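The next block holds one structure in the form of C-alpha cells; read it before the comments.
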Amino acid sequence: MNLLRKNVGLTDRLLRLMLALLIGAAGMYYQNWLGILALVPLLTALVGFCPLYTLFGINTCPFRPKAGSNR
C-alpha cells in the first residue's frame with residue numbers, strides 16, 4: 001500500500017503553484033514569515049499529494065490506479 005498516493009489533480013496543482021507564488025511574493029514584499037508558508041502549497045503541488053485531502057477523503061486527481069498497481 002502506497003501511503004503517498006496522488007490525490008491532487010492538474011487544475012488543483014496549478015492553483016497551488018499560483019498560490020505559492022502569491023504568498024511567496026507577499027512574504028518577500030513584507031519581509032516576513034509568509035515566504036516560508038508558501039512552501040506548503042508549493043510542495044503539495046510538486047509532489048501531487050495533500051495530507052489534508054487524505055484526512056477528509058478528497059481526491060481531485062482523475063487517475064484511478066488499477067488493482068495491484070504501485071501508483
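Identify, please: which residue in the range 47-58 is touching a residue at least 24 places away in the same chain (Cβ under 8 Å) and assigned to a helix (DSSP H, G or I) and is, among those, surrounded by the fewest Cβ atoms within 10 Å (Cβ to Cβ)?
Filtering the range 47-58 for residues touching a residue at least 24 places away in the same chain (Cβ under 8 Å) gives 47-50, 53-54, 58.
Next, from what is left, pick out any that are assigned to a helix (DSSP H, G or I): 47, 53-54.
Numbers: Val47: 12, Tyr53: 17, Thr54: 14.
Within the range 47-58, the match that is surrounded by the fewest Cβ atoms within 10 Å (Cβ to Cβ) is Val47.
Go through the range 26-41 and report how many residues are open to solvent by less than 60 Å² (accessible area, probe 1.4 Å) and among the hydrophobic types (A, V, I, L, M, F, W, C). Can you show your working first?
Just the residues of the range 26-41 that are open to solvent by less than 60 Å² (accessible area, probe 1.4 Å), to begin with: 26-27, 34-35, 38, 41.
Adding the requirement that they be among the hydrophobic types (A, V, I, L, M, F, W, C) leaves 26, 34, 38.
Counting residues in the range 26-41 that are open to solvent by less than 60 Å² (accessible area, probe 1.4 Å) and among the hydrophobic types (A, V, I, L, M, F, W, C) gives 3.
Please list, ordered by first then second residue, the pairs with beta carbon atoms under 9 Å, 6 or more apart or interchain, first in the range 15-44 and over 24 Å from Cys61 (Cβ atoms), second of a type in the set (Val, Ile, Thr) and modelled with pLDDT under 95.
Going by the 9 Å Cβ cut-off, the qualifying pairs are Gly27/Ile36.
How many residues, within the range 7-25, are open to solvent by 90 Å² or more (accessible area, probe 1.4 Å) and not in a helix (DSSP H, G or I)?
Pass one, the range 7-25, residues open to solvent by 90 Å² or more (accessible area, probe 1.4 Å): 10-11, 14-15, 18, 21-22.
From the residues that got through so far, the ones that are not in a helix (DSSP H, G or I) too are none.
Of the residues in that region, 0 qualify.
Confirm whether Thr44 is modelled with pLDDT of 90 or more, assigned to a helix (DSSP H, G or I) and surrounded by fewer than 16 Cβ atoms within 10 Å (Cβ to Cβ).
Details: modelled with pLDDT of 90 or more: yes; assigned to a helix (DSSP H, G or I): yes; surrounded by fewer than 16 Cβ atoms within 10 Å (Cβ to Cβ): no.
Here the answer is no, as Thr44 does not meet what is asked.
The values are calculated or read from the model by the stated rules, or taken from the named source; none is laboratory data. This structure is a prediction, so every number in the text was calculated from the model and none was measured. Every residue, glycine among them, receives a Cβ derived from its backbone with ideal geometry; neighbour counts consider all protein chains shown. In case anyone asks, the SASA skips ligands and DNA or RNA and just uses the protein heavy atoms, side chains included. Shrake-Rupley method; radii C 1.70, N 1.55, O 1.52, S 1.80 Å.
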